[in-house]
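Student: Have a look at the structure that comes next, please.
The values are calculated or read from the model by the stated rules, or taken from the named source; none is laboratory data. Remember, it's a predicted structure, so these values are computed and weren't measured experimentally. For neighbour counting, all protein chains shown are included, and Cβ atoms are generated from backbone atoms with ideal geometry for every residue, glycine included. Protein only, heavy atoms only, side chains kept; ligands, DNA and RNA dropped before computing areas. Shrake-Rupley method; radii C 1.70, N 1.55, O 1.52, S 1.80 Å.
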Amino acid sequence: MNPSALKGRSLLTWIDFNPEEIRYFLELSKKVKEEAKKGVRKQRFKGKTIALLFEKRSTRTRAAFETAFGEEGGHPVFLSNQDIQLGSKESIEDTARVLGRMFNAIEFRGFKQEYVEILAKYSGVPVYNGLTDLYHPTQALADVLTIEENFGSCKGKQLCFVGDGRNNVARSLMVISAKLGMHFTIVSPKELWPDNELKNLCETYAKDSGSKLKITDDIEEGVKGADAIYTDVWVSMGEEALKAERIKLLSPYQVNAELMAKTGNPNCIFLHCLPAVKGEEVTFDVIEGPQSKVFDQAENRKHTIKAIMLATI
């Protein structure tokens, strides 16, 4: 693959990238993480700027983008919807055209996938999806890096997402798993299964990569043989009114010691994108136990985001 082919590209979803390109991002992530461990500072963004647009609050995404860009000598500018006219007095198209003339790149974290797509279409600079209601691609890359740090290549490994199967993390993991040849199972109540359109699209990728995709509400069958069990909060940002309903629906799908044992794999690891509600989607003993790799994941957000920016700016 020619790395120059990635320059100027936006990351809105992994649907837009082929397996070779995703692997390039992964290998570059490993390289920049090693540089960080050795204290290497290369200042590759010196004189460059990035606009960080946040409709939704964030810990890991904001910290990862700001530190990754700043360590490389660049200047990140944080802009919340309290700071700019995002979609209120000014159209997204006009915001994109203004920011594209002032910044070298834009990150967006918010609700509508449509917004990040408009920013990419009209800004003329690389745009990164830091989370929308549909996709969370930078999280998924950090997740795959964490899996590869524990097992080597992710190809042929079994990742199992337990919980709300139609949320942005589950959807992004299904796409990236199907592209990279990692087996992926969603264990979820039928009411929260992902849409057939995305599943059918991922099945086409899986045919090429050798990935096996499964969606089931059967916990025992779904988690058997898993190398990694992944969960997320039961109530996503913007869905707080549904909390009681979600807790009732998802309580049987709590990740606890019993569920981890059902994998039959003593080397199975636990993953969570954080923040976690300990005692709801996961018990304290699992997330704080030896199988948990959640803080490796959190750190890997930074290295993977830095790699994405280095490859595309």
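Student: From the residues Ile287, Val175, His303, which one has its Cα farthest along the dipole of region 160-313 in the positive direction, the dipole being from +1 and -1 charges on Cβ of Lys/Arg and Asp/Glu about the Cα centre?
Tutor: His303
Student: Sort 114-127, 297-310 by the packing proxy (mean of other Cβ within 10 Å over each peptide's residues), most packed first.
Tutor: The peptides rank, most packed first, as 297-310, 114-127.
Student: On to the next question. Under a crude label model (7 Å from the Cα following the beta-carbon direction), how far is Asp208 from Ala5 in nanometres?
Tutor: That separation, rounded to one decimal, is 1.1 nm.
Student: Treating the beta-carbon of each Lys and Arg as +1 and of each Asp and Glu as -1, no other charges, what is the dipole magnitude of the chain about its Cα centre, to the nearest 20 debye?
Tutor: Magnitude of the dipole: close to 1160 debye.
Student: So which lysines can Lys157 reach, going by Cα to Cα under 20 Å and dropping same-chain residues fewer than 8 places off?
Tutor: Lys30, Lys179, Lys199, Lys207, Lys212, Lys214, Lys224, Lys262, Lys293
Student: Is region 159-276 best put as rounded, prolate or oblate by its Cα gyration tensor, with a ≥ b ≥ c the root eigenvalues, rounded for a/c under 1.5, and otherwise prolate when a/b is larger than b/c, oblate when not?
Tutor: Note, shape of region 159-276 comes out oblate.
Student: Further, regarding this structure: Need one number: nm distance between label points at Phe78 and Lys30, each 7 Å from Cα along Cα→Cβ, rounded to one decimal.
Tutor: In this crude label model, Phe78 to Lys30 measures out at 3.3 nm.
Student: Mind giving me the nanometre distance, one decimal, between the label points for Arg57 and Glu299, set 7 Å out from Cα along Cα→Cβ?
Tutor: 2.6 nm
Student: OK, next. Can you pull the accessible area of Lys293 for me, 1.4 Å probe, Å² to the nearest 10?
Tutor: Counting only protein heavy atoms, the figure is 50 Å².
Student: Given Ser10, Leu26, Gln43, which one lies farthest toward the positive end of the charge dipole of region 1-45, if we put +1 on the Cβ of every Lys and Arg and -1 on the Cβ of every Asp and Glu?
Tutor: Farthest along the dipole direction, towards plus: Gln43.
Student: Taking a label point 7 Å from the Cα of Leu274 along the Cα→Cβ vector, which residues of region 23-51 have an amide N closer than 19 Å to it?
Tutor: Only 30, 33-34, 36-37 fall inside the zone, counting backbone N under 19 Å.
Student: Still on this structure, please answer the following. Where does the chain land at 222 nm, in deg cm²/dmol rounded to the nearest 500, when only DSSP H runs of n ≥ 4 count, each adding -39500 (n - 2.57), divided by all residues?
Tutor: My calculation for the chain gives -13500 deg cm²/dmol from helical runs alone.
Student: By its C-alpha gyration tensor, with a ≥ b ≥ c as the square roots of the eigenvalues, how is region 212-313 shaped: rounded for a/c under 1.5, else prolate for a/b larger than b/c, else oblate?
Tutor: Here region 212-313 falls in the oblate category.
Student: Give the whole-number value, in cubic angstrom per residue, of the convex hull volume spanned by the C-alpha atoms of region 83-171.
Tutor: Given the Cα convex hull of region 83-171, per-residue volume reads 129 Å³.
Student: Select from Leu131, Gly163, Ile147 the residue farthest towards the positive end of the dipole of region 114-170; place +1 on Cβ of Lys and Arg, -1 on Cβ of Asp and Glu, and compute about the Cα centre.
Tutor: The listed residue farthest towards the positive side: Ile147.
Student: Using only the Cα atoms of the chain, what semi-axes does the equivalent ellipsoid have when each is the square root of 5 times a gyration tensor eigenvalue? Give whole Å, largest first.
Tutor: 31, 22, 18
Student: Comparing Val286, Val255, Val40, which has the greatest mean-square fluctuation in the GNM of the chain with Cα pairs linked when under 10 Å apart?
Tutor: For the chain, modelled as a Gaussian network with Cα springs under 10 Å, the answer is Val40.
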